[in-house]
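Student: Dumping the structure here so I can ask a few things about it.
Nothing in this text is a laboratory measurement; each read-out follows from the coordinates by a stated rule. Predicted model, so just to flag it, every value in this text is computed and none were measured. Cβ sites come from the backbone with ideal geometry, for glycine too, and all protein chains shown count toward neighbours.
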Amino acid sequence: MSVPKSQETSKPLLGQFKTSSSPLACCVLTGRGLGAVAVIGLKGAAADSVLLRCFQPTSSVAFAAGQIRFGKWVGDDLSELAPESVVVTPLSAESFEIHCHGGAAAIERIVSDLQALGVQHLESVFDFGGQSRLIAEANQALMHCTTARTAAVAMDQQRGAMLNWCLDAARRIRDQSDSFAVVQKQAGQILSRKLIGEVLNRPFRIALCGPPNVGKSSLLNRIVGYERSIIFDQAGTTRDVLSAATVIDGWPVEVMDTAGIRENADAIEREGIDRALSVASRADLVLLVDQPCGDKDSDRSDLDSKIESMQDRGMIILRVLNKSDQLQIADPSLTSRYDFVVSALQGDGLDQLVSGLVSTLNNIQPDQGSPVPIVSRQIEHLRDIMTAESKVECEQVLFRLMND
């Protein structure tokens, strides 16, 4: 049952601020459901009067820009819902931040109250902020970062790493005779970091592939530190893709356990194999798992041919020999064919394997403050810069990268 709102109506005036004709708009500036506090931006010519229809501060002292004010969100005059505790910060006469509980109910209640008073709800931070699109995209990426390491990369972009490079590149092209080739080379170096940018918005995807019964499920459990996969000594046990999330060396990682791949499979098992290959083709890295006494050669040759086609498309493949505890004697001719030799049962070699899983990311992690492409739009424009045939074309692409 709802609780009637307080009838207290004393609210501060904002007459000291100037107003203009900018339209009223609001936007949720933080990722939903990812934190205890959400921030809703409100701006426009009548933002102060709209805010005072809904917000009841604990003090009647007039607002000042940059001030933090605690109070209750009571909604408009028709609202019968219990008040929400909020903090309001005026940035100017026409721009405010409303800090509330990060849950969906509180956010939706505030946005709905504002919409009822004629405020346009904007989904895009870029449309709301009016700043360079590069900064807006960095703000959006920062909302989805789940570790300090990825947040640091996003914050570098938010502070202008990519934008500053674009501005400097445009100046170089105008002022220096040899700058065209230099800018194209720099664009290629930035583009080489695209995988780092991609994992700001999603985890680094690792697929475990291999013949049946080589210990893929046991290996997944070892990597993530808990039993996510079912372990049973029978071919075809894993028929769907099971995934588990973890963090390795500060990077968010999703490890996917797929069905055993072999030539002689029934119709149901074949469906799982097809799904496994599809998942592997979309992963960032594939762990190709085998064991000392593998299945039939035909099974491995069928798998090898599929993996080779992935390698031709630039897929990162690491070959892992599992069940090293079953090796009677060390066999260099066997183990030299693998990047890692481990025992998921006993834990041997697991530390080296786990370190190797994110070495690709560690090796390309940029220095602090370096530009990193964080969305597909930026990647495409960087490619266009590398293939531009004139200074004019290059400068045009740089402008689109900043603002398009």
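Student: Using a Förster distance of 45 angstrom, determine the FRET efficiency expected from the C-beta separation of Ala36 and Ser177, and round it to 0.05.
Tutor: Taking R0 as 45 Å, the efficiency between Ala36 and Ser177 is 0.25.
Student: Still on this structure, please answer the following. From the phi of every residue in segment 161-169, what ³J(HN,Hα) in whole Hz does the Karplus formula 6.51 cos²θ - 1.76 cosθ + 1.60 yield, where θ is phi - 60° and glycine or proline is x?
Tutor: Residue by residue, segment 161-169 yields 4, 6, 4, 5, 5, 4, 5, 5, 5 Hz.
Student: Taking the Cβ-Cβ separation of Leu52 and Glu123 as r and a Förster radius of 25 Å, what is the calculated FRET efficiency to the nearest 0.05? Write down the numbers at each step before the final one.
Tutor: On the way: r = 26 Å, r/R0 = 1.03.
FRET efficiency, Leu52 to Glu123: 0.45.
Student: Going by how many other Cβ atoms sit within 10 Å of their own, how do Phe180, Phe70 line up, fewest first? The partial results should precede the final answer.
Tutor: Numbers: Phe180 21, Phe70 12.
Lowest to highest Cβ neighbour count: Phe70, Phe180.
Student: With 10 angstrom as the radius, rank Ile40, Ile173 by how many other C-beta atoms surround their C-beta, starting from the fewest.
Tutor: Listing Ile40, Ile173 from fewest to most nearby Cβ atoms yields Ile173, Ile40.
Student: Can you tell me which of 386-397, 198-209 comes out highest on packing, and rank the rest after it, using the mean Cβ neighbours within 10 Å?
Tutor: Details: 386-397: 15.4, 198-209: 21.8.
Those peptides, ordered most packed to least, come out 198-209, 386-397.
Student: Over segment 86-223, what relative contact order in percent results from Cα pairs under 8 Å that are six or more residues apart? Working shown, then result.
Tutor: Details: 82 pairs, mean separation 19.4, N = 138.
That works out to 14 percent.
Student: In percent, how large is the relative contact order of segment 25-129, given Cα pairs closer than 8 Å and 6 or more residues apart?
Tutor: Working: 197 pairs, mean separation 36.8, N = 105.
That works out to 35 percent.
Student: Could you put Lys72, Lys323, Lys216 in order, starting from the residue whose Cβ has the fewest other Cβ atoms within 10 Å?
Tutor: Working: Lys72 18, Lys323 23, Lys216 30.
By the 10 Å Cβ count, ascending, the order reads Lys72, Lys323, Lys216.
Student: So what are the ³J(HN,Hα) numbers for segment 342-354, from phi and the Karplus equation (6.51, -1.76, 1.60; θ = phi - 60°), rounded to whole Hz, Gly and Pro as x?
Tutor: 9, 10, 5, 5, 9, x, 5, x, 5, 4, 5, 5, 4
Student: Additional query: Using the basic label-point model (7 angstrom from Cα toward the beta carbon), what is the Arg383 to Phe70 distance in nanometres?
Tutor: Going by the 7 Å Cα→Cβ label model, 5.3 nm.
Student: Taking 25 Å as R0, compute the FRET efficiency from the Cβ-Cβ separation of Ala152 and Asp351 and round it to 0.05. Walk me through the intermediate numbers first.
Tutor: Working: r = 25 Å, r/R0 = 0.99.
It comes out at approximately 0.50.
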